[in-house]
1. Scan E86, E47, E36 and give me the residue that is of a type outside the set (A, V, I, L, M) and in contact with a Phe, Trp or Tyr (Cβ under 9 Å, 6 or more places away or on another chain).
2. Out of R14, R51, I need the residue that is touching a Cys at 6+ places or on another chain (Cβ under 6 Å) and in contact (Cβ under 8 Å) with a residue 12 or more places away in the chain. Which one?
3. Could you please find all residues in region 38-69 being crowded, with 16+ Cβ neighbours inside 10 Å, in a loop (DSSP other than H, G, I, E, B) and out of contact with any Lys or Arg (no Cβ under 9 Å at 6 or more places or on another chain)?
4. Out of the residues in region 81-95 that are in contact (Cβ under 8 Å) with a residue 40 or more places away in the chain and touching a helix residue (DSSP H, G or I) at 6+ places or on another chain (Cβ under 8 Å), state the one that is surrounded by the most Cβ atoms within 10 Å (Cβ to Cβ).
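Every number here is computed from the coordinates shown, using simple stated rules; none is lab data. Note that this is a predicted model, so its numbers are computed, not measured. All Cβ positions, glycine included, derive from the backbone under ideal geometry; neighbour counts span all protein chains shown.
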Amino acid sequence: MSVDEADAGACRPRLPRGVRLKHDETRGEWLLLAPERVIKADAIAVEILKRCDGIATFDAIVDDLAAAFSADRGQVASDVRALLDELAAKRMMDL
C-alpha cells in the first residue's frame, strides 16, 4: 500500500504492532526497530515518525512539519509521502 495523492490527506499513518521508534542512549541515535530488522533513522525521519500515531492524518502531519520548520508544504508532503511509502513497502508502517 502507498500514500496515494488523491486520498493521502485522510490516511492516519501509524507504526504497526511490533515496530517501534527508540532512542539508543549508548549510541546517541534513533532506531526504528522491527522483528529481525533495525533501521537507523535520521533527524528528518524521526520528526515524521514521532507524528505517526494513528490519530493524526497525513495532512495534519504535513501541516505540523511545514509550520515547525518553516518549510514549503509541497516539499514536506513529498518527503513525508516518500518515507511512508518506503516504510509501508517494508511493512514497517500502516497507512
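1. Answer to the selection: E47.
2. R14
3. R51 - this is the single residue of region 38-69 that is crowded, with 16+ Cβ neighbours inside 10 Å, in a loop (DSSP other than H, G, I, E, B) and out of contact with any Lys or Arg (no Cβ under 9 Å at 6 or more places or on another chain).
4. Here the answer is L84.
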